[in-house]
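Any read-out appearing in this document is the output of simple, stated calculations on the displayed coordinates, not a laboratory observation. Just so you know, these numbers come straight off a predicted model, no measurement behind them. Neighbour counts run over all protein chains shown; Cβ positions are idealised from the backbone, glycine included.
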Ligand SMILES: [Ca+2]
């Protein structure tokens, strides 16, 4: 028993270590990207206050955001998706608007910490900075695997459940990811697939409407013919 507890604690410590490493890699890569973007302009920040603000921006901690998936979608579909595909806010997790890090209260921060600790698949995830698709990804894949997929974003769709359709528009999440449409917006999807789905789900009401229309037209025609016969009979009597 003692050995089992020891092994479990060891595994947990190993998971935490991996998580911290992944977080560190993520922040370092984001900082590196920021440096590549802004450093060429650093000499232009002549005044001391501007340089201070510049360095503050560079060194401020950033929340996780993985643009590799957006880049893959844009390159493979030509559709420019924003952070709203996975995040609660279309500008991503950083900021002070609803659904961003700066707006989170203590309870939200707890949910965020739990979501970030979901390294393995199968755990319930309810991150306040992710939308249902983002949370679904971490639940299905685990954060460890999801971060790993940054180097192979094309493989993501194959790992999603084929029958999952979060917005119930008839197009599976995996297909929406590959086609660059929004997995939690039932108005966004392949037009032909949406039309077919809408036709299938509305087939009964469409059939009833058609039947009512045909019966109504038949009844109206019958009524008009009756009026015509009555008028004709009246004319014969008067003659
Ligand atoms: Ca869908």
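On the given criteria, is residue 139 more than 12 Å from the ligand (Cβ to nearest atom), out of contact with any helix residue (DSSP H, G or I) (no Cβ under 8 Å at 6 or more places or on another chain), assigned to a helix (DSSP H, G or I) and within 24 Å of residue 114 (Cα to Cα)? In short, yes. Considering the range 152-187, and only residues there that are closer than 22 Å to residue 89 by Cβ and surrounded by fewer than 17 Cβ atoms within 10 Å (Cβ to Cβ), the residue that is nearest to the ligand (Cβ to nearest atom) turns out to be 185. Given the condition part of a helix (DSSP H, G or I), in contact (Cβ under 8 Å) with a residue 12 or more places away in the chain and in contact with a helix residue (DSSP H, G or I) (Cβ under 7 Å, 6 or more places away or on another chain), answer yes or no: does some residue in the range 104-122 qualify? Yes, because at least one residue in the range 104-122 is part of a helix (DSSP H, G or I), in contact (Cβ under 8 Å) with a residue 12 or more places away in the chain and in contact with a helix residue (DSSP H, G or I) (Cβ under 7 Å, 6 or more places away or on another chain). Residues that are within 21 Å of residue 121 (Cα to Cα) and part of a loop (DSSP other than H, G, I, E, B) within the range 157-188 comprise 160, 161, 162, 163, 164, 165, 166, 172, 183, 184, listed in sequence order.
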